[in-house]
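Novice: One structure follows; several queries about it will come next.
The values are calculated or read from the model by the stated rules, or taken from the named source; none is laboratory data. Because the structure is a prediction, the values reported are computed rather than measured. Please note: Cβ atoms are built from the backbone with ideal geometry, for glycine as well, and neighbour counts cover all protein chains shown.
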Amino acid sequence: MEVESIFNTSYNNIEVIIVDNASVDQSHKKCKEKFDKIRLIENKQNFGYCEGNNVGIREAKGQFVVILNPDTIVEPNCITELISAYEKYGDGLYQPKIISLYEKNILQSTGNMLHLFGFGFARDKGVPDSLQRNDIEQIGYASGTCLFTSQKVLNKVGLLDSFLFLYHDDLDLGWRAAHLGIKSYYVPFAKIHHAESYSLKWSSKKFYWLERNRKYCILTHYSKDTYKKIRPYLMQIEFMIWLFYFSKGFLGTKIRAELNIRKNKKHILEKYQELESKKIISDSELVKTFPDEIFVPKNVSGSIG
């Protein structure tokens, strides 16, 4: 994270909290030495991305919260624009325009979208930043790369689900919020630049968390009736996913994801019951907002095809 970019924003009434998840390098301490206004929290173990962020959120004292990835640069007016959008549209989850740090004017996300089968994808990823998306608009869910909301909303929706550990946490949060009637928004004039970590790119570890957490979200968010209706289609998708994992040499990864879901079926049932009891917006209403297709840009599909 370019911490200096945060302190250089036009909105200066901020509190910066860095949570270190028992990392082996000393980068967090160097940040603290350079910027004494930072609040540094050092976890004694790696709690994962989700619970690591939750630790920081619980310590935050402000009305608003920004969850921000460490490999980002924030443009000066970003936070001001996000607050302005919140004040206009009300309780919700908000994200800025996310632009590649290394490929200038190449988009990474103009809002994330949720698919019927539990897949999440970044709209306009890999596309030149020439699209005329100049209006604040509703999206499937706000990207966890930079997610803005209020403590009030988090008190209603809950924090990030620590069971997920890594990946799909933003999708799950947005899905939970949507069932409570709380919308997610894209704010085009708020901008950040994201390096995007390649350390887990197409790795067995990444595929494990993505698939395990996708299944978890499907099993906890859909009612039994909805699941029964979409199950025939899910089975077709499952067959294709198994083929994909096999073709990429990740068959063992898929098996481990499935075994973990079965191992945690008690927790999944409890989570399902909790979410089902809180629903205000039905599955049938929410599914109407889902896209019919998943957009995969050529530069991404080429790297996995």
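Novice: Checking L200 against (1) closer than 24 Å to G111 by Cβ; (2) modelled with pLDDT of 95 or more; (3) surrounded by 14 or more Cβ atoms within 10 Å (Cβ to Cβ); (4) of a type in the set (A, V, I, L, M, F, W, C), which single condition isn't satisfied?
Specialist: (2)
Novice: For region 152-161, does any single residue satisfy the condition of being touching a Phe, Trp or Tyr at 6+ places or on another chain (Cβ under 6 Å) and not hydroxyl-bearing (S, T, Y)?
Specialist: no
Novice: If you go through region 9-21 one residue at a time, do you hit one that is over 26 Å from S100 (Cα atoms) and at pLDDT 80 or above?
Specialist: yes
Novice: Within region 130-137, can one find any residue that is of a type outside the set (K, R), in contact with a Gly (Cβ under 8 Å, 6 or more places away or on another chain), at pLDDT 95 or above and buried (at least 18 other Cβ atoms within 10 Å of the Cβ)?
Specialist: Looking through region 130-137, none of the residues is of a type outside the set (K, R), in contact with a Gly (Cβ under 8 Å, 6 or more places away or on another chain), at pLDDT 95 or above and buried (at least 18 other Cβ atoms within 10 Å of the Cβ).
Novice: Taking the residues in region 244-282 that are of a type in the set (A, V, I, L, M, F, W, C), part of a helix (DSSP H, G or I) and in contact with a Leu (Cβ under 8 Å, 6 or more places away or on another chain) as candidates, determine which candidate is nearest to Y222 (Cα to Cα).
Specialist: Taking region 244-282 as the starting set, the residues that turn out to be of a type in the set (A, V, I, L, M, F, W, C) are 244, 246, 250-251, 255, 257, 259, 261, 268-269, 275, 280-281.
Applying the additional criterion that residues be part of a helix (DSSP H, G or I) yields 244, 246, 251, 255, 257, 259, 261, 268-269, 275.
Checking the rest, the ones that are also in contact with a Leu (Cβ under 8 Å, 6 or more places away or on another chain) come to 261, 268.
Details: I261: 16, I268: 12 Å.
Once the filter is applied, the top-ranked residue is I268.
Novice: Continuing with this model, one more query. Of all the residues that make up region 87-114, how many are assigned to a loop (DSSP other than H, G, I, E, B) and modelled with pLDDT of 95 or more?
Specialist: From region 87-114, those assigned to a loop (DSSP other than H, G, I, E, B) are 90-91, 101-105, 110-111; that's our starting set.
Checking which are modelled with pLDDT of 95 or more leaves us with 90-91, 110-111.
Final tally of qualifying residues: 4.
Novice: While we're on this one: Considering only residues of region 284-305 that are at pLDDT 90 or above and among the hydroxyl-bearing types (S, T, Y), which is nearest to H221 (Cα to Cα)? Even if it seems obvious, please write down each step before you answer.
Specialist: First, the residues of region 284-305 that are at pLDDT 90 or above: 284-290.
From what's left, among the hydroxyl-bearing types (S, T, Y): 284, 289.
Values: S284: 12, T289: 15 Å.
For region 284-305, the residue satisfying everything is S284.
Novice: Output the residues belonging to region 120-139 that are assigned to a loop (DSSP other than H, G, I, E, B), under 21 Å from C78 (Cβ atoms) and not polar (S, T, N, Q).
Specialist: In the first step, residues of region 120-139 are kept if they are assigned to a loop (DSSP other than H, G, I, E, B); the result is 123-127, 129-136.
Okay, now just the ones that are also under 21 Å from C78 (Cβ atoms), so 123-125, 127, 129-136.
Selection gives R123, D124, K125, V127, D129, L131, R133, D135, I136.
Novice: If only one of I268, I281, I241 is closer than 22 Å to G140 by Cα, modelled with pLDDT of 95 or more and under 22 Å from the mean Cα position of the chain (by Cα), which one is it?
Specialist: I281
Novice: Here's another thing I want to ask about it. Only residues in region 174-190 that are within 17 Å of F121 (Cβ to Cβ) count as the first member; pair them with residues that are aromatic (F, W, Y), Cβ under 6 angstrom, at least 6 apart or cross-chain, and list the lot.
Specialist: G174/Y141; S184/Y141
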